[in-house]
Amino acid sequence: MIGEEVLPGIRAVGDSTLIGRVLSRCSGEDTVMVCVIASTEISRVPGISAAGKTPELTFHTPAGDVELVYLDRIVNADDVPQNPVGAPSPAVITRAVLDLADIPFLVADAGVAVKPACPTVDLNGEVGRDFRRETAVPEDVFESLMDAGRILGRELSRDVGFLTVGESVPGGTTTAMAVMTAAGYETEGRFASSSHDAPHDVKERVVREGLRRAGVEPGDLTVLEAMMEFGDPMMPAVLGVLEGSRVPVLLAGGTQMAPILAAAVEELGMGPDTVFVGTTKYVVEDPDSDVVDLMRQASPDGFVLFHADPGFATSRYEGFRLYEEGYVKEGVGAGGAQVAAALKTRGGIRPEDVVRECEKVHEVWCEALG
């Protein structure tokens, strides 16, 4: 097991003093979770993402994910979002722990191809472009999304002790890898995948093609410049939320949060006890990636990384047990949502509670689909 257990089912990696500060500041505090959704043309590259049964259906996944959290059913997709082997969307964890801890949930649309049939805050973004052919997020769109994020962060942080910010962006680990590579970080073999067997060769090829198109060598760009050229619309929106927030922010996500943390530290001057990361144990224990090293690179003066165990090893459903075999690792802020629930309740939410609630939510979803 990686890291020390700080709450039931929650372990922490990083500087012990910083971990203590975060726990002291956030334990027992209210939070609100915002999930920033976006699409990128990169998700439709064959083999890049398993966040959908086919590359084309990855454009439906963010809408389906948040519809499930809000509505218990799918409106703008044909089925419950799942990967090709049938493991349910990690949205099930998000919904379950938000219910258990009574945490409000909000969706912010930074630029999705398929709009969800549930309430959203429209940040006036657009779908991220294929960085192998053109700039991914043009400067005017990037700045507009940051401005909208600042307003959102300021307003959401008025009456809570910390914010929880998740994401749903199929293809986002590849855009994150491209950003970190262009900014000079070590990325080879470090980024997770929604696939059981991480398609490192495909990701690395796509990133090389993007850098070659832009005439960029690793280390040529700042993190912000790299986000515009190779990122996705979620990135500037979340950065804006961080800059606008009056309280600490828990980034609910896995390796996709590495460039966000790097930009928060490098560009916004935020401290590691003000912005920290929460994910699932499946990301931290993934032998095909290294989220701990990415966080260490992103915040070299110290970082805090929480990871949660939803207890799926004991589930009676095979789809949940597939998580334990590495078929699904993270998404829709699932791990960070469980961390937030544990923080808010001072450890009152345990893995045995999470898995049983996930099973109940999954049964409701399946019944709604007939």
Filter result (modelled with pLDDT under 95 and among the basic types (Lys, Arg)) within region 322-359: 329
Any hit, region 248-261, residues being more than 20 Å from residue 329 (Cβ to Cβ), touching a residue at least 24 places away in the same chain (Cβ under 8 Å), touching a helix residue (DSSP H, G or I) at 6+ places or on another chain (Cβ under 7 Å) and surrounded by 21 or more Cβ atoms within 10 Å (Cβ to Cβ): yes
Count of residues meeting criterion [of a type in the set (A, V, I, L, M, F, W, C) and touching a Leu at 6+ places or on another chain (Cβ under 7 Å)] in region 122-174: 8
All positions within region 23-40 that are touching a Gly at 6+ places or on another chain (Cβ under 9 Å) and either more than 27 Å from residue 116 (Cα to Cα) or charged (D, E, K, R) (or both): 25, 26, 27, 28, 29, 30
Residue under evaluation residue 313, criteria (1) hydrophobic (A, V, I, L, M, F, W, C); (2) assigned to a helix (DSSP H, G or I); (3) closer than 30 Å to residue 181 by Cα; (4) touching an Asp or Glu at 6+ places or on another chain (Cβ under 6 Å), criterion not met: (3)
Test: residue in region 286-304 that is buried (at least 24 other Cβ atoms within 10 Å of the Cβ), touching a Pro at 6+ places or on another chain (Cβ under 8 Å), assigned to a loop (DSSP other than H, G, I, E, B) and in contact (Cβ under 8 Å) with a residue 40 or more places away in the chain: yes
All positions within region 103-127 that are in a loop (DSSP other than H, G, I, E, B) and under 28 Å from residue 159 (Cα atoms): 103, 104, 116, 117, 118, 119, 120, 123, 124, 125
Which numbered condition residue 225 fails, given (1) modelled with pLDDT of 95 or more; (2) touching a helix residue (DSSP H, G or I) at 6+ places or on another chain (Cβ under 7 Å): (2)
Out of 267, 186, 209, 229, sole residue that is within 22 Å of residue 164 (Cβ to Cβ) and touching a residue at least 40 places away in the same chain (Cβ under 8 Å): 267
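The values are calculated or read from the model by the stated rules, or taken from the named source; none is laboratory data. Here the structure is a predicted model, which means the values were calculated and not measured. Quick reminder, even Gly has a Cβ in these numbers, built from the backbone with ideal geometry, and neighbours come from all protein chains shown.
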